[in-house]
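The values are calculated or read from the model by the stated rules, or taken from the named source; none is laboratory data. Keep in mind that this is a model prediction, so the values were computed, not measured. Every residue, glycine among them, receives a Cβ derived from its backbone with ideal geometry; neighbour counts consider all protein chains shown.
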There are 2 protein chains.
Amino acid sequence: MRMLSLIVFVLGIGITVSGQTEDSVFIKRLSDEILTNGKAYDNLHDLTKKIGGRLSGSPQMVKAEQWGLQLMRETGADKAWLQECMVPHWVRGGMDEASFKFLDKNFQGKNTLDVLALGNSVGTGSNGVTAEVLIVNSFDELEAKKDQVKGKIVFYNYKFNATFVNTFEAYGDAGKYRGGGPSRAAKYGAVGVIVRSLSESEDNNPHTGATRYDSAFAKIPAVAIGLRDADRLSGYLNNNKVEVFFKTNGHFLPDTIGHNVIGELEGTEFPDQIITIGGHLDSWDPAEGAHDDGAGVVHTIEVLRAFKALGYKPKHTIRFVLFANEENGLRGGTKYAEEAKSKNEKHIFALESDAGGFTPRGFSFGGTPAQLKKAQSWTPLLHPYGVYEIATGGGGSDIGPLNRTFQTPVSELSPDSQRYFDYHHARNDVFENVNKRELELGAVNMAALIYLVDKYGL
Amino acid sequence: MRMLSLIVFVLGIGITVSGQTEDSVFIKRLSDEILTNGKAYDNLHDLTKKIGGRLSGSPQMVKAEQWGLQLMRETGADKAWLQECMVPHWVRGGMDEASFKFLDKNFQGKNTLDVLALGNSVGTGSNGVTAEVLIVNSFDELEAKKDQVKGKIVFYNYKFNATFVNTFEAYGDAGKYRGGGPSRAAKYGAVGVIVRSLSESEDNNPHTGATRYDSAFAKIPAVAIGLRDADRLSGYLNNNKVEVFFKTNGHFLPDTIGHNVIGELEGTEFPDQIITIGGHLDSWDPAEGAHDDGAGVVHTIEVLRAFKALGYKPKHTIRFVLFANEENGLRGGTKYAEEAKSKNEKHIFALESDAGGFTPRGFSFGGTPAQLKKAQSWTPLLHPYGVYEIATGGGGSDIGPLNRTFQTPVSELSPDSQRYFDYHHARNDVFENVNKRELELGAVNMAALIYLVDKYGL
């Protein structure tokens, strides 16, 4: 017994045994409710199949807001409303197309390329862009070849690093080519950019996602290609001169009105202290946004549903938020924090799900060491549901502004990451690639963490 | 420092810091090798697509043995051989078919049922079996209705229990209806059995698997149906009398010759002490056996490949074994232990992969408390690759006989279990439902554990 106390003390596990038991019983009830009567999967079906891709400013996003508002009410929120914010309105503007030919020999094979314009990118104009391709495997190689760039299409063939076990690290590593590649190439006179998709998938789907232009340089059009096309093209470029044609139609319309969708359960003891849980409602246009971030949307609503089903009355006010415009502007998350500040709200915790509907493995956490330690003390309660660790990290894009404004502690669900970039921002991010139980277990662990923060604070 | 030593002491982590560093470096090399140059996925493609389902006694199983033997040699085993054993030879004997009709009203809808005969079950004869259906949701309900059973087809509609987070617990819970259901029903005069598939999948695929007849009762034919058909049929049975016809052709041919495929790396210091790693090569016939247990087969060969690629020379002899006949007889695992005993071999550890090619979460372990504690001390070394725990449990069917014969400590890879029973013994257990990285991470952790046992013993 003394040895056990010692371990409990050393590891900072400070909850009493009776508290643990009561909590473990309640969390088991949450789990049973969600795994048996869960609506997350059905809700995801409706969002993906009846609405589909929902980029900021699109008619689908407007429809999704109304769907979310109605669902918040039906699911039992004390109140639900739309929080208006202006959002950027980029449109793809038509089909992206591309082909290539050899400049130094005849080639009889298939010569189309499957491309997707990067989000926020300019279009090529109706004639498209046609130029010889310069392949580079890194920015260092671009710098070394900068005298050859002028008039060319630069092809960034930087590969996802397979040795990162957590694929988000590979994404963080390779993401700079999608984000900054076009302007880096424009600096040296490139007329277009092709980016190898940020993925390790076995298929050829191109993966879009936001690019950012540096205002110091010309805005040149940019597309992503899938991995098979990237390997094919890089193979050809070993021994040949290759010319690519591509035509894209992306452009910005004036900013338009978008909304965060907010539902609320009012706190019984501390109604002025707010806990936020959310995901983002917008998605890229070529797919259904099932994992990114339909999963986070239905996780959020499922936590509300489970609390209502069990008759749980939170001590603090809990806000269930479907954020606008995560993908290409973060205006929803920004607005949420701005309004919270202007109303002098007190935000004690925020939790996001924006890493897919896969089996949970942990939570990342952003807060003080003491807050982290307290959250980690709950790990044994989450362990039966797949969460093995709560580790230092961010809390998700949409709740970042809240964290920066109020130093609110934040957390994000960390599902297994192995398949996420097979689907991320690609056509195959569809309902069929989400597993019902994996999705539901995310909601189980989020509900449990919200319950614990509501009960014990941070 | 004192506090750290205390924790290390209390938790039984006894490896020196320098040892940890050397080990973590080598395990990182194993991981990088497998995630970068891995052949497990390509090997699985060959096994599933070029050979396919491979039930004991089938021509495909013979082909798979030759494939495995050649691959062991090509991958660099010091020696490789086939270990002969007699195996049961059950054949499905043709297409299974089924339909139903209402006895108390006309019904215009689709009236076929998608069925698969249970493995080892007797066929119906050429006229099939036709009888009214009696639905029971449990054995208790069967007992309560025993007077109504005679001349009927009993439909066991026991559902997978969704509240078990680890789906293998649901399988353990529901498995008795497939295994013992036919004889329990025959005891009261049933003429056939339908079993709700052991699955929580969203599709309608029936899941086969072995049944076992009690010799005290008549052997009656038995089939599995998918979940949608089970729900449909049970819905009809609420208000109607339903007659089912089914026709199956299963039967046993005389036992035939099968083989374990064995490759070996000879130990440099203790060549007479053997560590075994394996999976089973046979599979049920309706699918490709990709997760069950193609994954375990290619995990096993990938560990050999990675050791050779890194020039690792084990201190103990390591046997890489593709076991025969796990699915309907366990003759391969039994033979392996019998021959080991007859040759007075010394087996210090055995590890199996037979739970699918999903992201690893842990290992189950069967051994003494001291052996378990030692294995658990290595968890921090496996943690970066997804293994969070080594927990008490079995070691997998095929190495069970070794454990029972020699008290050899055994272990089994525990991948994430959420999707396993979507595919298990069903037509969709195919290559396309295996993710490359998830598969590879299984091999990484198995290679690491074998390395640690080889270095430190148990």
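The single condition among (1) more than 10 Å from chain B (Cβ to nearest Cβ); (2) under 30 Å from A:V25 (Cβ atoms) that A:F406 does not meet is (2).
Restricted to the stretch B:413-424, and to residues there that are under 18 Å from A:T359 (Cα atoms) and in a loop (DSSP other than H, G, I, E, B), the residue that is farthest from the other protein chains (Cβ to nearest Cβ) is B:S417. Mind checking which pairs have a first residue in the stretch A:353-365 that is part of a loop (DSSP other than H, G, I, E, B) and a second that is basic (K, R), Cβ under 7 Å, 6 or more apart or different chains? Sorted first by the residue in the stretch A:353-365, then by its partner, the pairs are A:F358/A:R419.
Candidates B:N111, B:N127: the one that is farther than 18 Å from B:G250 by Cβ and among the polar types (S, T, N, Q) is B:N111. One residue stands out in the stretch A:158-185 among those that are surrounded by fewer than 20 Cβ atoms within 10 Å (Cβ to Cβ) and over 20 Å from the mean Cα position of the chain (by Cα): the one that is nearest to B:N435 (Cα to Cα), namely A:A162.
Quick grid of which residues meet (1) of a type outside the set (K, R); (2) buried (at least 22 other Cβ atoms within 10 Å of the Cβ):
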site: B:K187; (1), (2): no, no
site: B:V193; (1), (2): yes, yes
site: B:T211; (1), (2): yes, yes
site: B:A222; (1), (2): yes, yes
site: B:H251; (1), (2): yes, no
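Among the residues of the stretch A:156-213, those identified as small (G, A, S) and within 14 Å of chain B (Cβ to nearest Cβ) are A:A162, A:A170, A:S199, A:S201. Quick one: would you say B:T130 is in contact (Cβ under 8 Å) with a residue 40 or more places away in the chain and assigned to a strand (DSSP E or B)? Answer is yes for this residue. Out of all the residues in the stretch B:306-325, is one or more under 20 Å from the mean Cα position of the chain (by Cα) and small (G, A, S)? Yes: one or more hits. With respect to being assigned to a helix (DSSP H, G or I), touching a His at 6+ places or on another chain (Cβ under 7 Å) and surrounded by 19 or more Cβ atoms within 10 Å (Cβ to Cβ), B:L449 falls outside the description. With B:T359, B:T317 as the choices, which residue is more than 21 Å from B:L82 (Cβ to Cβ) and either within 14 Å of another protein chain (Cβ to nearest Cβ) or of a type in the set (V, I, T) (or both)? It is B:T359. When B:I194 is tested against (1) free of Cβ contacts under 8 Å to residues at least 60 places away in the same chain; (2) outside any loop (DSSP other than H, G, I, E, B), just one condition goes unmet, and that condition is (1).
Within the group B:G294, B:G333, B:G289, which residue is buried (at least 22 other Cβ atoms within 10 Å of the Cβ), at pLDDT 95 or above, on the phi > 0 side of the Ramachandran plot and assigned by TED's automatic domain parsing to the domain that holds B:G57?
B:G289 is the lone residue from the list that is buried (at least 22 other Cβ atoms within 10 Å of the Cβ), at pLDDT 95 or above, on the phi > 0 side of the Ramachandran plot and assigned by TED's automatic domain parsing to the domain that holds B:G57.
Would you confirm whether or not the stretch A:366-377 contains a residue that is more than 14 Å from chain B (Cβ to nearest Cβ) and under 30 Å from A:E288 (Cβ atoms)? Yes, the stretch A:366-377 has at least one match.
For B:R92, are the conditions met, namely being of a type outside the set (F, W, Y), buried (at least 19 other Cβ atoms within 10 Å of the Cβ) and modelled with pLDDT of 95 or more? Yes, satisfied.
Against the definition (over 30 Å from A:K436 (Cβ atoms) and aliphatic (A, V, I, L, M)), how does A:L237 come out, yes or no?
Details: over 30 Å from A:K436 (Cβ atoms): yes; aliphatic (A, V, I, L, M): yes.
Spelling it out, A:L237 is indeed over 30 Å from A:K436 (Cβ atoms) and aliphatic (A, V, I, L, M).
Within the stretch B:425-437, does at least one residue satisfy the condition of being small (G, A, S), in a loop (DSSP other than H, G, I, E, B) and touching a Lys or Arg at 6+ places or on another chain (Cβ under 7 Å)? No, the stretch B:425-437 contains no residue that is small (G, A, S), in a loop (DSSP other than H, G, I, E, B) and touching a Lys or Arg at 6+ places or on another chain (Cβ under 7 Å).
Hey, can you tell me all the residues within the stretch B:378-397 that are within 14 Å of another protein chain (Cβ to nearest Cβ), assigned to a loop (DSSP other than H, G, I, E, B) and free of Cβ contacts under 8 Å to residues at least 40 places away in the same chain?
Matches in the stretch B:378-397: B:Y388 only.
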